[in-house]
């Protein structure tokens, strides 16, 4: 049975003018590491706040660990851990005081669940008497994760946990998530970093509140429409062609208008419709790639 299920969830703001979550449906398996991937403003945080019962959806239904997000929100709050995107612990309390406080809120102790947080806590234990506000970004991240885990949740929600964190700390964080998954915890993580998508078992790509695709990272990569890129690179008029997001940057052999017109004709014959050519100034990245070649 899936641990998290969303059915046609809609959430709007500003009296319905802004649709942050637009008819979103997906499910997350028990014990799965699932990624919600998309840019800022895509709707990731709104979905997480709905699932952790901090926001009510305008319409649709959802369950977490078998409990309804509206009717059984108290049960959900006992079963989930939530690490928001912004550091939200008590900055004037020490590392140890923060952890003890959150353990007390859930009627437990650090000692009772120490085996779950041990690998993470040993890295910040030397600073246990330091105020949370004085920690580095990576240390704040580890403390927040410990606080989210101290009550041994069944489902863990991590909202952009590596944003603004250095590369080494990002790598360490994902290694920690892999170890946590082995404890049987279902993990949902949101991130704007596309390179982190491949570290999840399944991902949902989201933009403007809509889910564009849900699958394993490998299967989504296989679906990439490479034919246009291949046909461009093999065209007799093209000197170079590289993918830049949703566009292709090309250079012509002779840079003549005849070549551009002939290219359009060639692509139409290869069943590439609605092709638009636009002259642009080269970027530093274009120059870098050119020098590499």
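The values are calculated or read from the model by the stated rules, or taken from the named source; none is laboratory data. Everything quoted here is computed from the prediction, not taken from an experiment. FYI the Cβ positions are ideal-geometry reconstructions off the backbone, even for glycines, and counts take in every protein chain you see.
Observations, loosely collected:
- Criterion (within 29 Å of residue 40 (Cβ to Cβ) and part of a loop (DSSP other than H, G, I, E, B)) met by exactly one of 138, 164, 133: 164
- Among (1) in a loop (DSSP other than H, G, I, E, B); (2) outside the structural domain of residue 277 (by TED's automatic domain parsing); (3) surrounded by 13 or more Cβ atoms within 10 Å (Cβ to Cβ), the one test that residue 235 misses: (2)
- Hits in the range 33-71 - residues which are in contact with a helix residue (DSSP H, G or I) (Cβ under 7 Å, 6 or more places away or on another chain), in contact (Cβ under 8 Å) with a residue 60 or more places away in the chain and not in a loop (DSSP other than H, G, I, E, B): 33, 35, 36, 37, 64
- Test for residue 126: is it assigned to a helix (DSSP H, G or I) and either over 22 Å from residue 64 (Cβ atoms) or in the same structural domain as residue 73 (by TED's automatic domain parsing) (or both): yes
- When restricted to residues that are surrounded by 11 or more Cβ atoms within 10 Å (Cβ to Cβ) and part of a loop (DSSP other than H, G, I, E, B), the range 278-293 contains 2.
- Summed over the range 216-232, the residues that are loosely packed, with under 13 Cβ neighbours inside 10 Å and not in a loop (DSSP other than H, G, I, E, B) give a count of 6.
- Across the range 186-215, the number of residues qualifying as farther than 15 Å from residue 158 by Cβ and part of a strand (DSSP E or B) comes to 10.
- Which numbered condition residue 198 misses (of (1) under 28 Å from residue 117 (Cα atoms); (2) out of contact with any helix residue (DSSP H, G or I) (no Cβ under 6 Å at 6 or more places or on another chain); (3) surrounded by 13 or more Cβ atoms within 10 Å (Cβ to Cβ)): (2)
- Taken together, the residues in the range 73-100 that are closer than 17 Å to residue 47 by Cβ and either assigned to a loop (DSSP other than H, G, I, E, B) or not assigned by TED's automatic domain parsing to the domain that holds residue 191 (or both) amount to 3.
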